[in-house]
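For reference, the structure is listed below as structure tokens.
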Amino acid sequence: MHSARPFRVSNHNRSSRRGVMASSLKELLSKTLDALLITSTLVTLVLEEDGTMVDTEEFFQTLGDNTHFMILEKGQKWTPGANYITAHQKPKKSGIAKVTFDLYKLNPKDVFGCLNVKATMYEMYSVSYDFRCTGLKALLRSLLRFLSHAAQVTGHFLIYTGKHMLRVLGDTEEQTSPGLCFRQKFTVG
């Protein structure tokens, strides 16, 4: 005997819906009639999504948990619901992309929270990234590390620039010094 599984059942116009636990098709039919207060014994059980008739135990056992069923009494017919899509119809795309931002805190004591950014393209592909600011201490530590690195790079740049400028100025002084001495000798002598 199979263990009881959860199913969802509704009447023909979907005005009444119930959850039922059953392990067999016969048990599901019995509990559905009781739950929806149906007195007729001549009923048909169909899948709510497309109206497929469920009349054998083998087919019933292949269906997954939380399958939606509809019970039809004599003379009633299955009709598509509001969100039913035929094979020829494609769902309408509401846009090219959707971006969501979720702000949350891992700890109530955190000054800054975390940010999750999720982008969904064509309702098929999604990319998300989680920015975590786990606390003021960690944020300040990262900021100081960045400033220290920036100061170090700036210092190296200034030393290199100064050394290069001294070399350029030293070379020009050496080139201008002999010319000055030559002009002085020329004017004197």
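The values are calculated or read from the model by the stated rules, or taken from the named source; none is laboratory data. Just so it is clear, the structure is predicted and the values come from calculations on it, not from any experiment. When we count neighbours, we look across all protein chains shown, and the Cβ atoms used for this are built from the backbone with ideal geometry, even at glycine. Keep in mind that these areas ignore ligands, DNA and RNA; they rest on the heavy atoms of the full protein, side chains included. Shrake-Rupley method; radii C 1.70, N 1.55, O 1.52, S 1.80 Å.
Brief remarks follow.
Matching residues to (1) open to solvent by less than 100 Å² (accessible area, probe 1.4 Å); (2) modelled with pLDDT under 75:
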| position | (1), (2) |
| --- | --- |
| Val46 | yes, no |
| Gly64 | yes, no |
| Lys74 | no, no |
| Ala82 | no, yes |
| Thr86 | yes, yes |
| Pro91 | yes, yes |
| Ala97 | yes, no |
| Leu103 | no, no |
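- Residues in region 35-73 that are touching a Leu at 6+ places or on another chain (Cβ under 6 Å) and closer than 18 Å to Ser3 by Cβ: 2 in all.
- Some residue of region 110-122 being on the phi > 0 side of the Ramachandran plot and either open to solvent by 100 Å² or more (accessible area, probe 1.4 Å) or at pLDDT 80 or above (or both): yes
- Of all residues in region 15-29, those satisfying the criterion of being open to solvent by 50 Å² or more (accessible area, probe 1.4 Å) and not hydrophobic (A, V, I, L, M, F, W, C) are Ser15, Arg17, Arg18, Gly19, Lys26, Glu27.
- Qualifying residue in region 30-41 (condition: open to solvent by 90 Å² or more (accessible area, probe 1.4 Å) and assigned to a helix (DSSP H, G or I)): yes
- Flag for Ser142 being modelled with pLDDT under 75, open to solvent by less than 100 Å² (accessible area, probe 1.4 Å), more than 17 Å from the chain's Cα centre (by Cα) and among the small types (Gly, Ala, Ser): no
- Condition met for Asp50 (at pLDDT 85 or above, closer than 30 Å to Tyr122 by Cα and surrounded by fewer than 15 Cβ atoms within 10 Å (Cβ to Cβ)): yes
- Residues of region 147-164 that turn out to be β-branched (Val, Ile, Thr) and open to solvent by 90 Å² or more (accessible area, probe 1.4 Å), as a count: 1
- Ala22 being touching a Pro at 6+ places or on another chain (Cβ under 9 Å) and free of Cβ contacts under 8 Å to residues at least 24 places away in the same chain: yes
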